[in-house]
Structure formats: structure tokens, C-alpha cells
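Undergrad: Here it is: the structure, laid out below.
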Amino acid sequence: MKKQFLSFTSVALLLSLVMLSSCKKDEEATKNYANVLVTHASPDAPGVDLLISDAKQNTSALNYPLNTGYLQVEAGTRNIKVNVAGTPTSVINKDLTLEKDKNYSVFAIDSVSKLSALVLTDDLTAPASGKAHIRFIHLAPNSPQVDFSVLGGSVDFTNKSFKDYTAFTPVDAGTYTISVEFTQTQSFFAALPGINLQAGKIYTVFTKGLIGATGAQILGAEIIVNK
């Protein structure tokens, strides 16, 4: 009788574990998610940690001008913190409302003394056949207005001030030089030569750095492959 009792107990425990596991899977299946990409675009800021609802997302410091890639985040209102790496000091603390299945880019921008967040909703609709999509963002804090061009690709945007951005714009797939010039003087200051814009892919190009800086903080441009 004792052995039979233990057998019934074991079966009951096993069934409970199976039901608990099933409930957890059902709960996970019903959750809604958004995707969030965070870019460190503050040229004189130190490496940072990213926290979403106080859960740290990175295992090592996110350094300028790198990004996290898209992170799956539960939809709803979520608190986003950007902390100085390895410390509880938050340089950005912002609540974001994230919608189900939508994609977002969060850029940590400006000089370290005025650090803030630029939040964009990313339209990652697939480009038409033979096309890529590209957008531009001006994130060099002390730069005047700039013009962006995909040379030979018939894509030009002019008079963009700091924090201005464009929509994702179609361009024929191909290899191009992407150039940035100061609007007023038409003097070139950055180029990304030999950029292969692949059919079906989606890209973001942003200006970075500071006028008068050297080394890693020098004025230039960076490209992100969104999809």
C-alpha cells in the first residue's frame, strides 16, 4: 500500500508540473512584444548600460557609436534607463509606450552635459523588388545644417538641422558613396564610400561626432542595418 501511495503522489506531482509548464507557455504565447534598438550617439559620453523596466540588457558597456540591435520588449509602458556603465547613475530615464509588433529606435544624443533621447518609430515594411530603404538623421550636436546624398542614387535631403530626420526612402539596390555636406558652404565633411545597399534591406545613416574634435569623436557618419 505504501508503494502505491508513493506512486499516486508522484503521478500527481508530475501532472502538476506539466500543468504549470503548460500555463507558463500559454502565458508567454499571449504576451505582446515590440522591438527596440538603442544607439549610443553621444560623442563625448562614456560607455553606458541599458535597462528596460530596471532589467539590464547588456553584458558589457555599450560604447559610442554602437547599437544594441533590436531587442524584444513586452509591449505597454516601459521604463528605459541609460546608465553610466557599471553605476546606478541614470543619464536618461524615460517612460515609453511601446505598441505590439512595432519597431522603435532610441538614440542617446547630444553632448554628455545635455544628454537626451531621440525616439523614432521604425517603418520596416519590406522594400519593393530591387529596392532598398534608407533614412538619414543629423546627430552631430555642434554642427550646422547638413545635406545628405546617395551619390548616383537620386536621393538628396537638404537643410537638416541637429535632430532632424527623414523617412525611410526607396533607392535602387547598388553600391554607392553616401556623402554629407554643410548646407551653407557646400563643403563636404563625411563620406561612406562603397556602401552596398542590398535589395530588401533597410538602413539608417546618422551624422556623428563634434566639429573640432579628433580621434573617435571626429565629425563623420555611421550606418545601421535595421533589417
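The values are calculated or read from the model by the stated rules, or taken from the named source; none is laboratory data. Note that this is a predicted model, so its numbers are computed, not measured. FYI the Cβ positions are ideal-geometry reconstructions off the backbone, even for glycines, and counts take in every protein chain you see.
Undergrad: Hey, can you tell me all the residues within region 75-92 that are in a strand (DSSP E or B) and touching a Leu at 6+ places or on another chain (Cβ under 9 Å)?
TA: 76, 77, 78, 79, 80, 81, 82, 83, 90, 91, 92
Undergrad: Please go through region 97-148 and give me each residue that is at positive phi and touching a strand residue (DSSP E or B) at 6+ places or on another chain (Cβ under 6 Å), ordered by number.
TA: Correct list: 110 only.
Undergrad: Do any strands (runs of 3 or more DSSP E) entirely within region 108-227 hold 1 or more residues that are touching a Lys or Arg at 6+ places or on another chain (Cβ under 7 Å) and within 21 Å of residue 70 (Cβ to Cβ), and if so, which?
TA: Output list reads 116-122, 131-137, 169-172, 202-208, 220-225.
Undergrad: Any residue in region 130-150 that's outside the structural domain of residue 212 (by TED's automatic domain parsing): show its pairings with residues that are surrounded by 19 or more Cβ atoms within 10 Å (Cβ to Cβ) and in a strand (DSSP E or B) at Cβ separation under 9 Å, as long as the two are six or more apart or on different chains.
TA: Nothing qualifies.
Undergrad: Can I ask one more? Quick check on region 190-227: of everything there that is in contact with a Ser or Thr (Cβ under 9 Å, 6 or more places away or on another chain) and surrounded by fewer than 16 Cβ atoms within 10 Å (Cβ to Cβ), which residue is nearest to residue 43 (Cα to Cα)?
TA: Once the filter is applied, the top-ranked residue is 211.
Undergrad: Let me ask you something else. Here is a check on your reading of the model: is residue 114 of a type in the set (D, E, K, R) and assigned by TED's automatic domain parsing to the domain that holds residue 89?
TA: Yes, satisfied.
Undergrad: Ok, one more. Could you please find all residues in region 103-115 being hydroxyl-bearing (Ser, Thr, Tyr) and modelled with pLDDT under 95?
TA: Residues satisfying the conditions are 111, 113.
Undergrad: Sort out which residues of region 60-74 are outside any strand (DSSP E or B) and either hydrophobic (A, V, I, L, M, F, W, C) or surrounded by fewer than 13 Cβ atoms within 10 Å (Cβ to Cβ) (or both), and write them in order of number.
TA: 60, 61, 66
Undergrad: Turning to a different aspect of this structure: When region 151-206 is examined, which residues are found to be within 15 Å of residue 131 (Cβ to Cβ) and among the hydroxyl-bearing types (Ser, Thr, Tyr)?
TA: The answer is 154, 169, 175, 176, 203.
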